[in-house]
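The values are calculated or read from the model by the stated rules, or taken from the named source; none is laboratory data. As the structure is a prediction and not an experimental result, all values here were calculated from the model. Every residue, glycine as well, gets a Cβ built from its backbone with ideal geometry; the counts of neighbours run over all protein chains shown. Remember, those area values only see protein heavy atoms, side chains included, never the ligands or the DNA or RNA. Shrake-Rupley method; radii C 1.70, N 1.55, O 1.52, S 1.80 Å.
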Amino acid sequence: MTGKVLVIDPIERQDLIKGLASDVRVMMLKLLRSSGPKNVNEIAEELSLPQSTASINLKVLEDCGLIYTEGQRAKKGSQKVCYSAFQEILISFSEPAVDRLADAIEVSMPLGLYTQFEVTGPCGMCSKDGVIGLLDVPDTFLDPDRMKAGLLWFNTGFVEYQFPNNTLLKKVRPKAIEFSMELSSEVPGTSANWPSDIFLQVNGIEIGTWTSPGDYGDKRGIFTPDWWKLAGSQYGKLKNWRINGQGSFVDGVKISNINLGDLGLDKHRSIRLRVGVKDGAEHPGGINIFGNGFGNYDQDIVLRIQV
């Protein structure tokens, strides 16, 4: 159980709205909030549900981020324990998504177009056609073919991208900036239970950290090419990092008080984005960044500036 508050825009998070549109799933959330973590069998028994019904509905709640799960040892093998992710869920209409999109400046950054990097192995890059350079050799990140990258991964370190600050060119004042990218942890092979603290910096200012739950390989990513082995990372979670006048958020959850004014956008010709995993992180579980041609979303790193 956590004390986190989730603030969502109902247009942006229709998956979450659908997740709540079930008496069974709402009862599950209430049970986890009132009684604490429980495994699937305990939830099914408490709510007088068939185990299959409980499992299907818990999967819906997990996919939209309303609960999270951890594997724990049991008397016979292992068990999956479910936790409530939020104390409160608030729906906000203060910044309608339609207006933001209509008044947004958007730039899509190819995954391999980083301007700085510092990475440790295991690490590597792939294009739609094959592996780029040598695996687990950090200097491969200098390979000119990196421009074709659709997937890159490393253990600790960072990659940094330099976006044009188009607010200066258009002479407009930004109301918020957002970065959208598909991310997961990185482990040799895959593991759904492999947390990793992924940080984000903008113009040298640390925005905050999102803990990726794992490295996903249970099924092939929707856009992941057939040549990429199934034992490798297949897809991640599409995360939206937003900085406005009130603070910094990941998918509507506030992660820090760093706000738009702290970034000094009016003083910089570019917007520098740095993403990675610190060597001293509590969960230094590596990072996969999925770009065009890999994962479930077929997009590179997207910057949106709301004006």
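Taking the range 148-203 on its own, what percent of its Cα-Cα pair distances exceed 19 Å? Provide the component values of the computation, followed by the final result.
On the way: 735 of 1540 pairs.
Result for the distance tail: 48 percent.
Annotation: lysines with alpha-carbon distance below 22 angstrom to LYS38 (same-chain offsets under eight excluded): LYS4, LYS30, LYS59, LYS75, LYS76, LYS80. Note on SER55 and GLU118: the model spin-label points, each 7 Å out from Cα along the C-beta direction, lie 4.6 nm apart.
Using a 1.4 angstrom probe, figure out how much accessible area the chain has per residue, in square angstrom, rounded to the nearest whole.
On the way: 15020 Å² over 307 residues.
Per residue, the chain has an accessible area of 49 Å².
The length gained by stretching the chain between GLU42 and ASP129 to full extension, at 0.36 nm per residue less their Cα-Cα distance, is 26.7 nm.
I need the chymotrypsin sites (Phe, Trp or Tyr not before Pro) found in the range 168-250, filtered to DSSP loop residues with at most 12 other beta carbons within 10 Å of theirs.
Passing both the DSSP loop test and the Cβ count: TRP227.
Ligands, DNA and RNA left out, the accessible area of the chain computed with a 1.4 Å probe is 52% carbon and sulfur.
Between amide H atoms placed 1.01 Å from N, distances below 5 Å from THR224 occur with GLY295, all of them 5 or more places distant or on a separate chain.
Measuring r between the beta carbons of LEU230 and ASP136 and using R0 = 22 Å, the FRET efficiency lands at 0.65.
How far is the Cα center of the range 225-297 from the Cα center of the range 135-193, in Å? Value for the Cα centre distance between the two parts: 8 Å. Compared with the dominant principal axis of the Cα atoms in the chain, helix 23-35 is inclined by about 90°. Computed over the range 228-307, the P(r) curve from all C-alpha pair distances, binned at 10 Å from the origin, holds 14, 37, 36, 11, 2 percent per bin. For the range 150-156, the Karplus equation 6.51 cos²θ - 1.76 cosθ + 1.60, evaluated at θ = phi - 60°, returns couplings of x, 8, 9, 8, 7, 7, 10 Hz by residue, with Gly and Pro reported as x.
Taking amide hydrogens as placed 1.01 Å from N in the peptide plane, the amide H of GLY276 sits under 5 Å from those of PHE199, each at least 5 positions away in sequence or on another chain.
Taking the C-alpha atoms only, the angle from helix 51-63 to the longest principal axis of the chain is near 20 degrees. Once amide H atoms are built 1.01 Å from N in the peptide plane, which residues 5 or more positions from LYS254, or in another chain, come under 5 Å H to H? Close amide H contacts, sequence-distant or interchain: VAL7.
Want the number for ASP63 to ASP218: 0.36 nm per residue separation, take away the alpha-carbon distance, what's left?
Details: separation 155, 0.36 × 155 = 55.80 nm, distance 1.36 nm.
Fully extending the segment from ASP63 to ASP218 adds 54.4 nm.
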